[in-house]
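All remarks here apply to the structure that follows.
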Amino acid sequence: MADRRPAPTPVRRGVEVAEQTEIGRELVRGLLRAQLAAALRIAGMALLLFAPLPILFALPAVQDFRILGVPLAWWVLGAAVYPVVYLLARLHRRQAERIERDFTDLLGRG
Amino acid sequence: MSAVSAVSAVSAVSAASAVSAASAVSAVSDATTLGSSTLSLIAIVMVAVATGAIGAFGVRMARTTSDFLVASRTVRPGWNAAAISGEYLSAASFLGVAGLIAVQGPDALWYPVGFTAGYLALQLFVAAPLRRSGAYTMPDFAQIRWGSRRLRAVCTALVLAIAWLYLVPQLHGAGLVLQQVTGLPRWVGIVAVALVVTANVVAGGMRSITLVQAFQYWFKLMALAVPVFVVAMITRPGVENLFAGQWAESGTGLGGSHPIAEVYSLMLATFLGVMGLPHVLVRFYTTPDGGSARATTVRVTALLGVFYLFPTIAGVLMHQLMPPPAPGESADSMLLQWPATAVGGTVGNLLAALVAAGAIAAFLATSSGLVVAAAGVLSTDVLRGRVRDFRWAAVVAGLVPLAMALPTTSLDISQVVGMAFAVAASTFCPLLVLGIWWRGLTTAGAVAGLIVGGGLSLGALTVSVVLPDALPEPLAGLLGQPAVGSVPVAFATMIVVSLLTRSALTPRADAVLAALHVPGPARRAAALPDRPHADHP
């Protein structure tokens, strides 16, 4: 809205990062924290999805549950986990690239 | 005999093909197993020849040391993902997984799940920053991040330990396959695969390895998918009969007495171990930039997911159609005998030949990657890093595991491969994850963690191999699957020692972390160098 004049700050930010000033270090730490948070979010999702499975599949009620004659554990571990891993990997790639684009924009728009 | 004459045309594999040709002749003279053996041998020799031919084709492009080590960083994600998968799908995946599923049931499904999910962890925490570090090898990364020769030397020793630990079962597996097919002594197959791999790496280095391994992914997929489809079509097993009895139930474990604990330890070792495997790491240096390293891992998870459907189905069919292996005998050879047992006749022999060729492709691909990785650190850290040095290093890197494999008795392939994963998860996983994301990891912390993690995992595995029966059960189980203990201890050691020595931290850590995490376009805007400065000769 008020951004009529070209802001001088982005060009300086690049220099701050290159020369390792306090501001530059803080910018890089922000990038690092954002990427780590994204990675930990996906890792947490994977943990929530996978970690309960060995206990879950050992429950008698779950062991008797079959779909088309095939026990649930075989469906999940033999087939369903692979697309889930792939989708988590894709989701992380998208998030990580968006964080990198935002950072690049912040640094060198001018 | 046309296959044999074609062999002699390929100079790169001439030494090894002489061995293969000799075994072909002796198999032909063995009248009792003529049909199946001859077909399998022809298929195996053709795989070796194709590997050599693609390798020889790549030689023309390999000129500089950089070409040899990392294909000059020009390999695109599609090719690189197929090459990573082709290299990664070893004997453990091809023969071991199907056999374990046939014997142990659904708990063994965690092996392929972990082998795949490990790439997710690799992508989340390691792939892009590691690529941006611009390191050729794991010791290079240590040097760039910490600038310490001591840490570099520890990394070199661990790369060699993991690579050779992983190579020995590959060679044992090759010996097993050729023994099954020809009846020749096991050392013939061990020597043949070691020589083919070493000759190929010496001739072409990484450039040709990329082509060879991309080819081998698709070949291995076909060599397993075709037999699965054909056997399922011919035998038409009813689904209800396939999943009968206690075998089909979860929670029966992986052979020990604490089923659920074993599964969790295996999950920890495989999920976290992939990122520490030297032959996997070295492949990420060949992608153009950090973003394409990430794109590569996404594709790898897809390719591995497609592949592992087939050992799973094969394992289920094998359980129904074949008797379980005798006690004390490994399940690794079940897949080789399966087509002939299930359908028999010419079709069965053809399918058996295809499976044998796929297994040999698996040994060749993984062994090549491991020899390249070991030769890479040997040539840059022990020798002076010239092309001629790389060739000598490749000879050493290929012949040391040969010397280790020949006298040792054969263990279960997946068991030894699992050990390599546990060592990688206990050493390079904490080094990479903490080194990439925490500026506070000091040189002393890294060295201490590597020595403690490596010492615990290697020590536990050595004890469990040397004294398998001398230990009481909970202890023996932990020593055989040490990841559940050694991985947290390695992380804790690195963190605690780093906090105690935090006065040694320098501004260098901030500069290196900036270089690891700032993406390419922003780096140009900030006028950072394309790679962090590697201050070694």
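The values are calculated or read from the model by the stated rules, or taken from the named source; none is laboratory data. These numbers come from a predicted model, not from an experiment. Virtual Cβ from ideal backbone geometry, glycine too; neighbours counted across all protein chains shown. Surface areas here come from the heavy atoms of the whole protein model, side chains and all, with no ligands, DNA or RNA. Shrake-Rupley method; radii C 1.70, N 1.55, O 1.52, S 1.80 Å.
Observations on the structure shown:
- Karplus-derived HN-Hα couplings along the stretch B:461-466 (A = 6.51, B = -1.76, C = 1.60, θ = phi - 60°), whole Hz, x at Gly and Pro: 5, 4, 4, 6, 7, 6
- Within-10-Å neighbourhood charge of A:His92 [Cβ basis; K, R +1; D, E -1]: +4
- Computed from backbone phi with θ = phi - 60° and the Karplus coefficients 6.51, -1.76 and 1.60, the 3J(HN,Hα) list for the stretch B:291-299 is x, 6, 5, 5, 4, 5, 5, 4, 5 Hz; x is used for glycine and proline.
- Chain A against chain B buries an accessible area of about 4300 Å², both chains summed, 1.4 Å probe radius.
- Carbon-plus-sulfur accessible fraction, the stretch B:369-512 (probe radius 1.4 Å, protein heavy atoms only): 71%.
- The residues packed around A:Ala58, meaning those with a beta-carbon under 13 Å from its beta-carbon, carry a net charge of -4 if Lys and Arg are +1 and Asp and Glu are -1.
- Here the Karplus relation 6.51 cos²θ - 1.76 cosθ + 1.60, evaluated at θ = phi - 60°, turns the backbone of the stretch B:99-104 into coupling constants of x, 5, 5, 4, 8, 9 Hz, with x for every Gly and Pro.
- Put simply, the amide H of B:Gly251, placed in the peptide plane, has neighbours under 5 Å in B:Asp107, leaving out anything fewer than 5 places away on its chain.
- Interface residues, the stretch A:26-51 - accessible area loss of 20 Å² or more versus chain alone, probe 1.4 Å: A:Val28, A:Arg29, A:Leu31, A:Leu32, A:Gln35, A:Leu36, A:Ala39, A:Ala43, A:Phe50, A:Ala51
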